[in-house]
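Right, one structure below, let's go through it.
Since every read-out is calculated from the coordinates, none of them should be taken as a lab result. Worth saying up front: this structure is predicted, and the values here are computed from it rather than measured. Cβ: placed from backbone, ideal geometry, glycine included. Neighbour counts: every protein chain shown.
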């Protein structure tokens with residue numbers, strides 16, 4: 001059977017189930033389900049028998065399949081995902097949380113689904129500060145967040161937060177979307193003037209189950225031995241409690257990361273709801 005060619009701005013490529021599945025998974029569908037629906041779209045194209053289809057018509061067909069199989073909510077999220085490319089300000093996603101809650105993994109997965117290429121860890125900013133300032137001049141940045149007391153963490157987060165703000169300011173000036181993750185992505189810390197220049201989405205990741213939280217450290221590579229984190233587990237849990245209390249105080253969503261796929265779906269919903277609520281600037 002001949003392939004259907006998808007035409008966009010005078011250029012054409014064969015229909016790709018993989019690309020369609022990636023777009024559909026942005027609505028929160030599991031990868032396997034997204035690929036199944038992408039195959040249904042392909043079958044409908046084959047039933048039509050047309051040699052070519054334009055991008056707009058393909059989107060309508062995808063929405064018909066989504067509506068029939070997943071309902072109006074999935075169609076709404078699919079449309080919101082397509083709005084990402086038309087935003088007149090950048091999407092800035094801030095994922096906070098204590099050590100071992102899955103921030104790095106989820107930031108990478110979320111960026112992939114959103115098509116964002118810039119993922120920044122706040123620990124990188126702390127490392128830069130360590131290179132420029134001695135332990136005498138800036139002692140707290142020379143320790144991990146869980147190795148200092150809460151007052152020390154607040155000071156460390158304030159120092160690192162200056163760098164976080166600078167990166168967000170640059171992203172706004174360049175209209176470049178960014179996913180930023182780290183314990184220093186403190187809920188509610190982003191200045192209002194920066195929020196006005198971007199579509200800001202914040203979430204705090206937690207792991208309430210202590211056994212599951214401990215287990216996350218065992219999955220890390222040799223460069224980050226689990227013993228170091230297990231020895232400081234009480235401090236890590238105390239920092240998580242502090243961050244969660246702050247998040248709830250400022251209205252930042254708190255997500256218990258029991259399952260990566262479920263958490264990723266919740267994060268996608270937060271992002272797409274934020275995109276859907278944005279009014280285009282005149």
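Structural remarks
- Here the residues 212, 61, 239, ranked from fewest to most Cβ neighbours within 10 Å of their Cβ, fall in the order 212, 61, 239.
- The stretch 127-153 residues near the modelled residue 220 label - backbone nitrogen below 18 Å, point 7 Å along Cα→Cβ: 127-128, 141-149, 153
- Inter-site label distance for residue 19 and residue 155 at 7 Å from Cα along Cβ, in nm: 5.4
- On Cα atoms only, tilt of 72-83 relative to the major axis of the chain in degrees: 80
- The alpha carbon centroids of the stretch 42-80 and the stretch 190-254 are separated by 38 Å.
- Take the Cβ atoms of residue 241 and residue 104, set R0 to 25 Å, and the FRET efficiency comes out at 0.75.
- When the alpha carbon coordinates of the chain are projected onto the principal axes, the ranges are 72, 45, 33 Å, largest first.
- Folded to 0 to 90 degrees: helix 31-48 orientation relative to the chain principal axis, Cα: 20
- MRE, 222 nm, helices only [DSSP H, n ≥ 4, -39500 (n - 2.57), over the chain, to nearest 500]: -18000 deg cm²/dmol
- Kirkwood hydrodynamic radius (C-alpha pairs) into Stokes-Einstein, the stretch 5-84, 37 °C and 0.692 mPa s, D in µm²/s: 260
- Net lengthening on full extension, residue 8/residue 227 (0.36 nm per residue, minus Cα-Cα): 73.5 nm
- Full-stretch length increase - residue 50, residue 64 - with 0.36 nm per residue and alpha-carbon distance subtracted: 3.3 nm
- Burial order of peptide ranges 260-271, 95-106 (average beta-carbon count within 10 Å, highest first): 95-106, 260-271
- Global size of the stretch 150-250 as Cα Rg and Dmax, reported in angstrom: 15.6, 43
- Helix 122-132 axis versus longest C-alpha principal axis of the chain: approximately 50°, rounded to the nearest ten.
- Pairwise label distance in nanometres, residue 248 with residue 133, each label 7 Å out on the Cα-Cβ vector: 3.2
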